1. Within region 95-133, how many residues are among the hydrophobic types (A, V, I, L, M, F, W, C) and in contact with an Asp or Glu (Cβ under 8 Å, 6 or more places away or on another chain)?
2. Counting only residues that are over 17 Å from E49 (Cβ atoms) and touching a residue at least 60 places away in the same chain (Cβ under 8 Å), give me the strands (runs of 3 or more DSSP E) lying completely in region 80-133 with at least 1 of them.
Amino acid sequence: MKQLVSVILLAIFIVLISSYFFSNDFSNIIKVEYQRYNHTDGSFSKVVEIEEDDTISKLIKILNKANHQSTVYEKEYHEDFKLTLFYENETTETIRIWLDFGQEYDLLESETREGTYKLKNSKSREALLEILN
C-alpha cells in the first residue's frame, strides 16, 4: 500500500513539474508596445502602446493559449507584428507574430524563449487581430 501511495505521489509530482516547464506563463505584463510590418515598403509602423489592464489581460490569455513547440521554422517572409512585452520585474520580451503562417494557425516566436508557439484557436486568433488593429 505504501508503494502505491509513493508511486501516485511521484506521478503527481512529475505532472506538476512538467506542466510548469511546458506552460507558457505569460503573466505580470504591465505594458505592451507593438508595431505592424509593412510588407510593401519593408518597414515597421509607428509604435502603439497598450496600457489598459483589460486589454493586457485579454492578450495574456491569448498568449497562454498558444501551443509551445520546440520546433523552429524557417521563414520565407517577414513577421506581421512585433510585440514588446514589459513585465513587472522591469524586464522586456519581444514576440514576433506571423499571421496565417500555416493551415489555420498563427506563429509566435519569442526572442528570449526557446521554440515557437502556434495559436490555433480561431476565437483567440480573431481576438489577437482585434487587439492589434
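1. At the first step, the residues of region 95-133 found to be among the hydrophobic types (A, V, I, L, M, F, W, C) are 95, 97-99, 101, 107-108, 119, 127-129, 131-132.
Restricting the remaining residues to those that are in contact with an Asp or Glu (Cβ under 8 Å, 6 or more places away or on another chain) gives 95, 97-99, 119, 128.
Residues in region 95-133 being among the hydrophobic types (A, V, I, L, M, F, W, C) and in contact with an Asp or Glu (Cβ under 8 Å, 6 or more places away or on another chain): 6 in total.
2. Values: elements: 81-87, 92-102, 105-110, 116-119.
Ranges flagged: 116-119.
Residue-by-condition table, conditions (1) open to solvent by 60 Å² or more (accessible area, probe 1.4 Å); (2) modelled with pLDDT under 90; (3) out of contact with any Lys or Arg (no Cβ under 7 Å at 6 or more places or on another chain); (4) within 22 Å of L132 (Cβ to Cβ):
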residue: M1; (1), (2), (3), (4): yes, yes, yes, no
residue: S6; (1), (2), (3), (4): yes, yes, yes, no
residue: L9; (1), (2), (3), (4): yes, yes, yes, no
residue: Q35; (1), (2), (3), (4): no, no, no, yes
residue: F44; (1), (2), (3), (4): yes, no, no, yes
residue: V48; (1), (2), (3), (4): no, no, yes, yes
residue: K58; (1), (2), (3), (4): yes, no, yes, yes
residue: V72; (1), (2), (3), (4): yes, yes, yes, no
residue: E79; (1), (2), (3), (4): no, no, no, yes
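The values are calculated or read from the model by the stated rules, or taken from the named source; none is laboratory data. Only a predicted model underlies this, so the values are computations on that prediction, with no experimental measurement involved. Cβ atoms come from the backbone with ideal geometry, glycine included; neighbour counts cover every protein chain shown. Side chains are part of the model used for accessible areas, which takes the heavy atoms of the whole protein and leaves out ligands, DNA and RNA. Shrake-Rupley method; radii C 1.70, N 1.55, O 1.52, S 1.80 Å.
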